[in-house]
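Below is one structure, written out as C-alpha cells, with a few remarks after it.
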Amino acid sequence: MAIRNIRQFGDPVLRKECKPIAEVTPRIRTLAEDMIETMYESNGVGLAAPQVGILKQMVVMDVGDGPLVLINPVILETSGEQTGQEGCLSYPGKAADVTRPMHVKCKYYDLDMNEVIVEADELFARCICHELDHLHGVLYTDHVTGPVYDTNNEEEE
Ligand code: ZN
C-alpha cells in the first residue's frame, strides 16, 4: 500500500467525469488499498478516485464502521434533509454548511463485483452524496450558499 498525493481544489482533474469500472483488476485493488490508506493518513471519512488523479468511479469511506469500497455507485433514492458542516480533503482547513438528504439509498459494487444496496442516514448519507459528487466533477462548495470558513475539524471528507 502507498499514500497517494491528494489533488487540491483548482486542479482540473477534480472537474472531470469519471468512467465506470468494468472489471476489478489487481490495479484497481491496489488503488482501493492506497485510497483507504491515504484517507486514514489524512483523517478523512471519505475519498474519491479523482482526488488521487484517477478518473474512475470508485470511492472509499469509513464513517466509523470500518472501510468501505464503493465501485460504480449510484444514488437510487433520497429523502429528508440535513444541514451541517462539511469539508473536503482536497480543500484542507476549510469547511462550510451544506444541506444534504438525511437518507440515501445507494447501489454499488464491491471489490468482488457483487451488487450491494445500502440505506444510509446522517453522516453516512452525507458522505455518500459528497463522494459521489466527486465522480461527476462536483465539489461541495458548489452547493454552498453561506461562507466557507476555516476549521480545525479532523473529520474532513
Ligand atoms: Zn471531497
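Each row is one residue, and each column tells you yes or no for (1) under 21 Å from residue 38 (Cβ atoms); (2) out of contact with any Cys (no Cβ under 8 Å at 6 or more places or on another chain); (3) modelled with pLDDT of 95 or more.
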| position | (1), (2), (3) |
| --- | --- |
| 57 | yes, no, yes |
| 63 | yes, no, yes |
| 87 | yes, yes, yes |
| 102 | no, yes, yes |
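Of the listed requirements (1) within 16 Å of the chain's Cα centre (by Cα); (2) among the β-branched types (Val, Ile, Thr); (3) under 23 Å from residue 40 (Cα atoms), residue 151 misses just one: (1). Filtering the stretch 93-123 down to residues that are among the aliphatic types (A, V, I, L, M) and assigned to a loop (DSSP other than H, G, I, E, B), which residue is nearest to the ligand (Cβ to nearest atom)? The extreme case among them is 102. In the stretch 129-138, the count of residues that are under 26 Å from residue 33 (Cβ atoms), touching a Gly at 6+ places or on another chain (Cβ under 6 Å) and outside any loop (DSSP other than H, G, I, E, B) is one or more.
Taking the stretch 10-24 on its own, how many of its residues are part of a loop (DSSP other than H, G, I, E, B) and either touching a helix residue (DSSP H, G or I) at 6+ places or on another chain (Cβ under 7 Å) or in contact (Cβ under 8 Å) with a residue 24 or more places away in the chain (or both)?
Our first condition is that a residue be part of a loop (DSSP other than H, G, I, E, B); within the stretch 10-24, this holds for 10-11, 16-18, 20-24.
With either touching a helix residue (DSSP H, G or I) at 6+ places or on another chain (Cβ under 7 Å) or in contact (Cβ under 8 Å) with a residue 24 or more places away in the chain (or both) added as a condition, the list becomes 11, 16-18, 20-21, 23-24.
Residues that pass the stated criteria total 8.
Take the conditions basic (Lys, Arg) and either within 22 Å of residue 55 (Cα to Cα) or at pLDDT below 95 (or both) and apply them to residue 126. Does it pass? Talk me through it step by step, then tell me what you get.
Values: basic (Lys, Arg): yes; either within 22 Å of residue 55 (Cα to Cα) or at pLDDT below 95 (or both): yes.
The answer is yes for residue 126.
Close Cβ contacts (under 6 Å, 6 or more residues apart or on different chains) running from residues in the stretch 98-116 that are more than 19 Å from residue 139 (Cα to Cα) to residues that are assigned to a loop (DSSP other than H, G, I, E, B) and among the hydrophobic types (A, V, I, L, M, F, W, C) comprise 111/24; 113/24. Scanning the stretch 38-59 for residues that are closer than 18 Å to residue 108 by Cα and of a type in the set (Gly, Ala, Ser) turns up 46, 48, 49. Restricting the stretch 70-126 to residues that are surrounded by 21 or more Cβ atoms within 10 Å (Cβ to Cβ) and of a type in the set (Val, Ile, Thr) leaves a set whose member that is nearest to residue 22 (Cα to Cα) is 71. If we keep just the residues of the stretch 37-62 that are farther than 16 Å from residue 21 by Cβ and surrounded by fewer than 21 Cβ atoms within 10 Å (Cβ to Cβ), which is farthest from the ligand (Cβ to nearest atom)? Looking at the filtered set, the residue picked out is 37.
The values are calculated or read from the model by the stated rules, or taken from the named source; none is laboratory data. Bear in mind the structure is a predicted one, so any value in this text is a computation, not a measurement. All Cβ positions, even for glycine, are placed from backbone atoms using ideal geometry, and neighbour counts span all protein chains on display.
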